Amino acid sequence: MAAESLGVTTKKEENFSDWYVEVVRKGEFIDQRTPVRGCDVFMPWGYAIWENIMHFADPLFKEHGVKNAYFPTLIPESLLTREAEHFEGFVPEVAWVTEAGDSKLGERLALRPTSETIMYYMYAQWIRSYKDLPLRINQWVNVFRWETKATRPFLRSREFLWQEGHTVHRTLEEADREVLDMIDVYRKVFEELLALPSIVLKRTESDKFAGALYTVAFEAFSKEAGRVIQIGTVHNLGQNFAKAFGIKFLDRDGKEKYGWQTSWGFSTRLIGAVIAVHGDNKGAVLPPRVAPVQVIVIPIIFKGKEKEIVEKAREIGKKLKEAGIRAEVDDRDDYTAGWKFNHWELKGVPLRIEIGPKDLENGGVTAARRDTGAREFIKEKDVVKRVKALLEEIQKDLFERAKKKMEESIVTVRTAEEARKAVENKKIARSFWCGDPECEERVKELTNGAEIRGTKFLEIEHAEGEKCLVCGREASHVVYIAKSY
């Protein structure tokens, strides 16, 4: 890998696609060189980020009454077809198992594209009374989606990791409340951990999750790519699946009723979004709270001072670790300090601590921020306190910069031509739509592949007095149009 860790050769703003693949591969986040395209290896650095996401999110789920479980990967075709709309929506994505050993199976088995069907088959056996509700279960698993031809690490692959939560409630109102609660939980994960701002949008009828009553999606935005990235979804499933799978309960009034359901999920696509949104021409830039290594300590070796400098670097590293900071010391003697700087910058480590002869003489260290490159001298007695403060500043600044970029990239337009130009200029077009599915479909044609991503879910925007950007009739929705990954 050393030969590939020599830095990024493509500029993010000039060729985002090539830049992204370089960063992901050279930064040792993922390795695509596997026998099956789109089924990639999550390398230790990339997987450590996923572990930090899990460690942050899982307690939030549990505080909300969610319990973890595990359901089978293989799903019989007869089970998958029970909810017709759901099955039709996933047909292009399903990978099938048809043989076991030398024998053909009597029924095709799907490698789970999502777990509604297998989970709800079991829910129908577990739920009998209103006393069994609400039921809230989550699983951390892998899933398979085979529809894509143009795979892209993290952002669009055929096998990926995710969490999927599935709940059952007594009433529609309780299910709606669950949607709002999980939106709050997701916002904490995305904003507080990953420093990812997003627009929370209600999907159109044609774009909602197959079988759902409605779908709410979080859309992050990469300015250099000029595309939105769906980083999480929350669905109110209504009673469609409950009726298909017989999820019924005896209510307080003695009547048998169908449950109301929600589901919600995010995936390892989050890692790709962090790289796409925060990265720069030196590589990834990781928010401190999710970075596997928050501080890298690098001794600057000079002849005659080698032992003293290395010992001091190890001492500083130990102090930081004891203070709860994820710090490592790169004291390898077969790499230059400059090579180490580039290596850890490429991987996105938020803060670098340098210790050279002058630092030693002055009784301190030099700190360099990954996000801005700003450098400062810190007295040794203040190292722990100042490093903690710097990490918090970096976390906050990354979010604020990304939020500003996203907000400045939203432009209001009133015609399809204006929307097309906005998208070509790597913007999100805010416009007006009559609600007609034919006009929605026409948007894709008229903007060279951009789509109506939805309407704001938690903020009412009025379209009174505006005209549909396609047909010119009275508009009923304020919509956001963009290209996406």
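Things to note:
- Cα-based radius of gyration of segment 312-359 once divided by 2.2 N^0.38 Å, which approximates compact folds: 1.17
- Estimated translational D of segment 2-278 in µm²/s (Stokes, Kirkwood radius over Cα pairs; 25 °C; 0.890 mPa s): 123
- The spread of Cα positions in segment 373-485, taken along each principal axis and listed from longest to shortest, comes to 68, 28, 20 Å.
- Measuring spread by the Cα atoms of segment 69-203 yields a radius of gyration and Dmax of 17.3, 51 Å.
- Alpha-carbon spread of segment 295-390, three principal axes, descending order, Å: 34, 30, 23
- Computed [θ] at 222 nm, helices only, for the chain once each DSSP H run of length n ≥ 4 contributes -39500 (n - 2.57): -10500 deg cm²/dmol
- Between Glu147 and Gln239, the contour length at 0.36 nm per residue exceeds the Cα-Cα span by 30.4 nm.
- Relative to one another, the C-alpha centroids of segment 6-73 and segment 432-485 are positioned 32 Å apart.
- On Cα atoms only, tilt of 269-278 relative to the major axis of the chain in degrees: 50
- Around Gly472: net Lys/Arg minus Asp/Glu count, Cβ-Cβ under 14 Å: -2
- For segment 350-418, the percent of C-alpha pairs falling in each 5 Å distance bin, counted from 0 to the bin holding the largest distance, reads 3, 15, 19, 16, 12, 8, 7, 6, 5, 4, 3, 2, 1, 0.
- If you model segment 157-305 as an ellipsoid using its alpha carbon gyration tensor, with each semi-axis the square root of five times an eigenvalue, the axes come out at 42, 17, 12 Å, biggest first.
- Table column - 3J(HN,Hα) (Hz), segment 7-24, Karplus curve with 6.51, -1.76, 1.60, x for Gly and Pro: x, 8, 9, 10, 7, 4, 6, 9, 8, 4, 4, 5, 4, 4, 5, 4, 5, 5
- Approximate spin-label separation Asn68-Glu459, in nm, with each point projected 7 Å along Cα-to-Cβ: 3.5
- Over the Cα atoms of segment 160-204, the radius of gyration divided by the Kirkwood radius equals 1.02; this is the Rg/Rh ratio.
- Calculated log₁₀ intensity ratio I(q)/I(0) where the Debye formula runs over C-alpha points of the chain, q = 0.08 Å⁻¹: -0.57
- Overall form of segment 239-313 per C-alpha gyration tensor (a/c, 1.5; a/b vs b/c): prolate
- Centroid-to-centroid separation of segment 254-281 and segment 103-126 [C-alpha atoms, Å]: 21
- When the Cα gyration tensor is reduced to axis lengths a ≥ b ≥ c, the ratio a/c is 1.5 or higher for segment 114-177, and with a/b above b/c it is classed as prolate.
- Here the peptides 406-416, 469-479, 275-285 are ranked by packing, the mean other Cβ count within 10 Å, and the order with the highest first is 275-285, 469-479, 406-416.
- Between the alpha-carbon centres of segment 183-247 and segment 327-379 there is a gap of 40 Å.
Only the coordinates and a few stated rules stand behind these numbers; no lab work does. None of these values were measured; they are calculated from a predicted model. Neighbour counts run over all protein chains shown; Cβ positions are idealised from the backbone, glycine included.
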